[in-house]
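Peer 1: Right, I'll just put the structure down here and ask away after.
What follows draws every value from the coordinates through simple rules; no lab data is involved. Bear in mind that the values here come from a model prediction, so they are computed numbers and not experimental data. So basically every Cβ, Gly included, is an ideal-geometry build from the backbone, and we count neighbours across all protein chains shown.
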Amino acid sequence: MIQKCLFPAAGYGTRFLPATKATPKEMLPILTKPLIQYGVEEAVDAGIHTMAIVTGRGKRAIEDHFDISYELEHQIKGGEKENLLKEIRSLISGCTFSYTRQVEMKGLGDAILTGETLIGKEPFAVLLADDLCSHEGDSVLKQMIEVYEKYQCSIVAIEEIESHETHKYGIVAGNLVDETDDTYRVTDMIEKPDPKNAPSTMAIIGRYILTPDIFDILRKTTPGKGGEIQITDALLEQAKQGKVIAYKFKGKRFDCGSIDGFVAATNYFYTNIKKEK
Ligand code: G1P
């Protein structure tokens, strides 16, 4: 079983400056909920209740968000606004949150390795909160856990992108294993290639299930694209042994690390809420 979800949340969010000057990018809201809360809710939907968050300097608002605010609770107690805290309260009481800091920004691979102390020696999920996913049936993470249970190796969620966008993602190549569940055995993966070097247009989105041997591989992984330690490079080592499955998830993803994606997510969630009312 996958019991823990790691949230790399140390990045600066420079694309959203000045909003992210004093506010963590993971705390930017889509409607009334911060991005990281959507992520935690997705993990809970997948049956995970242990959240491991890799933060950095200036990220304390995340810890405060997943904690009781006595003054505020006292102030709104008994009034109709109390209801607005219902969802976050149930996350706080139903989950544990632990934190560790990435001291230097050395890439996603380094952030995941920093989280080893919170994960230990078990398979775990990784969720990048700025990839916001919506779903009609099971959440993306829940779908991935089912795939993990079948293949018992690392799993990456993928989607088809336009060929001019390959420089924004880890791109995988693989052989179809099972078309009924849209799974591919990964044979190659490259972090943010130019379109002419991209092995396909299948892009990794911010959802991973990783087996714990990834930590030893990450320790040996040298800086790659952008001079950073890339999870894509570490996963390639597992892929060479046939131990990475790419899964075309069912659902919709918004890149909330970009302004276009953020606005699209806001409109989408707003329209859905209107429909529900
Ligand atoms: C990271 C990964 C990349 C992946 C992407 C998904 O990049 O390095 O392989 O495709 O997340 O969002 P980032 O968006 O953090 O630059």
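Peer 1: Using Cα-Cα distances under 8 Å and only pairs 6 or more residues apart, what relative contact order does the chain have, in percent?
Peer 2: Details: 525 pairs, mean separation 63.7, N = 277.
The value is 23 percent.
Peer 1: Still on this model: Find which of Gly120, Ile145, Cys95 sits farthest along the positive direction of the dipole of region 92-150, computed with +1 on the beta-carbon of Lys and Arg, -1 on that of Asp and Glu, about the Cα centre.
Peer 2: Gly120
Peer 1: Test of understanding: what is the full-extension gain from Gln241 to Lys275, defined as 0.36 nm times their sequence separation minus their Cα-Cα distance?
Peer 2: Working: separation 34, 0.36 × 34 = 12.24 nm, distance 4.74 nm.
Net length gain for the segment: 7.5 nm.
Peer 1: Let me ask something else about it. For the chain, set up a Gaussian network in which alpha carbons nearer than 10 Å are linked by springs, and say which option among Met189, Met27, Met105 fluctuates the most.
Peer 2: Taking springs between Cα atoms under 10 Å, the residue moving most is Met105.
Peer 1: Moving on. Please give me, ordered by residue number, the trypsin sites (Lys or Arg not before Pro) of region 1-50 that lie in loop per DSSP and have at most 13 other Cβ atoms within 10 Å.
Peer 2: Lys21
Peer 1: Something else: Could you size up the charge dipole of region 71-214 around its Cα centre, putting +1 on the beta carbon of Lys and Arg and -1 on that of Asp and Glu, and report it in debye to the nearest 20? Present the calculation step by step, with values, prior to reporting the outcome.
Peer 2: Working: 14 positive and 27 negative charges, 97 e Å.
Dipole size: approximately 460 debye.
Peer 1: Which residue fluctuates the most in the chain, going by a Gaussian network model with Cα springs under 10 Å, if the choices are Leu84, Leu235, Leu108?
Peer 2: Comparing Leu84, Leu235, Leu108 in a Gaussian network model of the chain, the most mobile one is Leu84.
Peer 1: By the gyration tensor of its Cα atoms, with a ≥ b ≥ c the square roots of the eigenvalues, what is the shape of region 211-261: rounded for a/c under 1.5, prolate for a/b over b/c, or oblate?
Peer 2: Numbers: a/c = 2.96, a/b = 1.41, b/c = 2.10.
Oblate is the answer for region 211-261, as a/c is 1.5 or above yet b/c matches or exceeds a/b.
Peer 1: Which lysines, if any, have their Cα less than 18 Å from the Cα of Lys250, not counting same-chain residues under 8 positions apart?
Peer 2: Lys142, Lys150
Peer 1: Could you compute the longest span of the chain free of GluC sites (Glu not before Pro) located in DSSP loops and having at most 15 other Cβ atoms within 10 Å, not counting the site residues? The partial results should precede the final answer.
Peer 2: Working: sites that count: Glu104, Glu136, Glu162, Glu179.
Result, exposed sites excluded: 1-103.
Peer 1: Grab the DSSP H runs of the chain that are 4 residues or longer, score each as -39,500 (n - 2.57), total them, divide by all residues and round the 222 nm result to the nearest 500 deg cm²/dmol. Please list the in-between numbers first.
Peer 2: Numbers: 10 runs with 91 residues, N = 277.
Taking each H run of at least 4 residues, the total per residue is -9500 deg cm²/dmol.
Peer 1: Using the structure shown, select from Lys25/Lys196; Lys4/Lys33; Lys121/Lys168 the pairs with a Cα to Cα distance greater than 25 angstrom. Could you put the intermediate results ahead of the total?
Peer 2: Values: Lys25/Lys196 32 Å; Lys4/Lys33 22 Å; Lys121/Lys168 31 Å.
Over 25 Å apart, Cα to Cα: Lys25/Lys196; Lys121/Lys168.
Peer 1: Hey, another quick one. Compare the Cα positions of Thr211, Gly79, Met1 along the charge dipole of the chain (+1 at Cβ of Lys, Arg; -1 at Cβ of Asp, Glu; about the Cα centre) and return the one farthest towards the positive end.
Peer 2: About the Cα centre, the residue reaching furthest to the positive side is Gly79.
Peer 1: Just how large is the dipole of region 106-175 about the Cα centre, in debye to the nearest 20, putting +1 at every Lys and Arg Cβ and -1 at every Asp and Glu Cβ? Numbers along the way, then the final one.
Peer 2: Details: 5 positive and 13 negative charges, 66 e Å.
Dipole of region 106-175, to the nearest 20 debye: 320 debye.
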